[in-house]
Each structure stands twice: as C-alpha cells, then as structure tokens.
Amino acid sequence: MIIMAVDLGDARTGIACSDESEQFAFPKEVITEYDPSRRVTRLADAAKAYGAGLIVVGYPKNMDGSAGFKAEACAKAADALKEVSGLPVVLWDERCTTVLAHNALNATNTRGKKRKAVVDAVAATFILESYLAYRKQNNI
C-alpha cells in the first residue's frame with residue numbers, strides 16, 4: 001500500500017509517499033496554501049493522485065511530549081482530511097524532523113530558494129520513514 005505523509009505548515013505543506021512495498025519514502029511536493037479548508041482539499045486530491053491508502057500527518061508535540069497549539073491544529077486538520085479523503089489518517093510524532101531536513105539539505109549544499117522549496121517535503125519524508133520503521137518493527 002502507498003502511504004502518504006504530510007508535514008503541515010501555515011503556508012507550505014510537504015508531502016512524501018512510500019512505494020507499494022512500504023520500504024522507501026520519497027519527497028513528492030510542497031503545497032503552498034494559506035486557507036486551511038483549501039489545504040485539506042488539496043491534500044485529499046494529492047492522496048488520490050498518488051494512490052495512497054493511508055495518510056500520516058505529522059503531529060508536532062512539544063519536546064516534553066505535551067501537545068501545544070500547533071499540535072491541536074494538526075489534529076483538527078487530520079480529522080478534516082480523514083473526512084474529505086475517506087482514507088484512514090494517523091497522527092505521527094514529528095519532533096525534530098524539520099531539523100533533520102535542514103541537516104540533510106546542508107549535507108547536499110542546498111541553499112536559499114531551493115531549500116525553501118523542498119524542506120517541507122524532506123521533513124515529510126523523515127516523518128514517513130519513521131512511521132514505516134514503526135510498521136515494520138511491529139508487523140503492522
């Protein structure tokens with residue numbers, strides 16, 4: 001099954017997808033959308049276009065494990081995405097994924113506008129890799 005991961009942002013939202021065997025995660029695109037309801041519709045459309053059977057939404061917990069304002073907004077968006085797409089949606093801890101994405105882009109010397117254009121999709125890829133590892137480890 002193809003699994004789509006989402007790194008929600010206020011302006012830019014990164015998307016990554018797995019392959020059918022759920023072994024690899026690939027950055028796909030970054031959606032620029034400020035309106036939350038239009039963002040959900042565009043994400044549902046992307047899930048359909050990529051043939052996703054499950055959507056994983058990054059859940060930005062605080063470092064102490066608590067859920068702050070941003071995490072609550074992501075949970076609300078995940079509920080809306082589940083309703084609009086008709087697909088199962090899972091919230092997944094995304095702590096430090098943006099830092100990992102920036103580090104990966106530093107390693108490839110990706111800077112400026114190029115970095116801004118892809119960092120959210122790379123973060124979504126890290127979210128998806130973590131989720132795929134969990135599924136594999138727990139035989140899900």
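Here's the list of aspartates and glutamates a cross-link from residue 48 could span, going by alpha-carbon distance under 16 Å and ignoring same-chain residues fewer than 8 apart: 19, 20, 29, 83. Charged neighbours of residue 134, selected by a Cβ distance under 12 Å, balance to -1 (K, R count +1; D, E count -1). Taking 0.36 nm per residue of sequence separation and removing the Cα-Cα distance, the residue 137/residue 90 pair yields an extension gain of 15.2 nm.
Every number here is computed from the coordinates shown, using simple stated rules; none is lab data. Bear in mind that the values here come from a model prediction, so they are computed numbers and not experimental data. Glycine gets a Cβ as well: all are built from the backbone with ideal geometry, and neighbour counts include every protein chain shown.
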